[in-house]
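Have a look at the structure below before the remarks.
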Amino acid sequence: MGDADNLKITVDREACIGDAACCSDAPDTFEMDDDDIAVVKDPVGDDRDTILEAAENCPTDAIKIEDAESGEVLYPKD
Ligand code: SF4
């Protein structure tokens, strides 16, 4: 378990193209569902930097990361 316990992670199912890059970057946080769309299997599976990196590497910016307490959007930034 990582140090990401204050992150809210959401995947835009319309935007996800199913390339599984996030599952490679943060394999203990994301997995592919039966429709080949990424889902969050454990929001604290990887550490914070790893999860943020996975979001940054998503080709369609389908992953949104927020601070669960403040609601601040950590990724994507405007
Ligand atoms: S990296 Fe983005 S597009 Fe690729 S599977 Fe994950 S959420 Fe979907």
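All of the numbers you see were taken from the coordinates with simple rules; none came from a lab. From a predicted model like this one, the values you see are computed outputs, not experimental measurements. Neighbour counts are summed over all protein chains in view; Cβ atoms, including those assigned to glycine, are modelled from backbone coordinates with ideal geometry.
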Under the rule of -39500 (n - 2.57) per DSSP H run of 4 or more residues, summed and divided by the residues of the chain, what mean residue ellipticity at 222 nm is obtained, to the nearest 500 deg cm²/dmol? -5000 deg cm²/dmol
For the pair Asn57 and Ala15, what calculated FRET efficiency results from E = 1/(1 + (r/R0)^6), where r is the Cβ-Cβ distance and R0 = 22 Å, to the nearest 0.05? 0.95
Cα-based Rg / Dmax (Å) for the chain: 11.2, 33
Counting only C-alpha contacts under 8 Å and six or more residues apart, can you give the relative contact order of the chain as a whole percent? 37 percent
Cut-off under 5 Å, modelled amide H: who pairs with Ala20 long-range: none
Please give the helix 48-57 orientation as an angle from the longest Cα principal axis of the chain, in degrees from 0 to 90, rounded to the nearest 10. 40 degrees
Charged-residue dipole, Cβ positions (Lys, Arg, Asp, Glu), the chain about Cα centre, Debye nearest 20: 120 debye
In nanometres, the difference between 0.36 nm per residue of separation and the alpha-carbon distance of Asp3 and Asp42 is 12.8 nm
Please give the peptides 70-77, 25-32, 6-13 ranked by average Cβ packing (other Cβ atoms within 10 Å per residue), highest first, as a rough proxy for protection. 25-32, 6-13, 70-77
